[in-house]
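Taking it in order: structure first as structure tokens, then the write-up.
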Amino acid sequence: MSNRASDRRTPTAAEREARKVFRDTSVKSPVSEHERAQQAFHANRERLKAERLAREAAVKPKSKT
């Protein structure tokens with residue numbers, strides 16, 4: 001079996017499509033440090049927003065009575 005470029009054949013369109021279909025889709029691309037920091041920032045911001053809204057909702061009924 002030789003490994004020359006001239007001896008290798010290019011895959012057909014059907015073979016390329018089959019590779020796309022059967023490729024392991026569970027493998028995720030690695031998340032960069034910046035993306036991880038952004039995700040943590042947004043999650044924390046949403047948590048703090050929910051806490052703030054809950055505090056404001058708890059205060060409003062007391063001021064009406």
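Couplings for region 32-38, taken from phi via the Karplus curve 6.51 cos²θ - 1.76 cosθ + 1.60 with θ = phi - 60°, read 6, 4, 5, 5, 4, 5, 5 Hz in order; Gly and Pro are left as x.
If you take the beta carbon distance between E56 and R36 as r and set R0 to 25 Å, what does 1/(1 + (r/R0)^6) give as a FRET efficiency, to the nearest 0.05?
Working: r = 31 Å, r/R0 = 1.23.
So, using R0 = 25 Å, E works out to roughly 0.25.
None of the figures in this text is laboratory data; all of them are computed from the coordinates on show. These numbers were taken from a predicted model, which means no experiment stands behind them. FYI the Cβ positions are ideal-geometry reconstructions off the backbone, even for glycines, and counts take in every protein chain you see.
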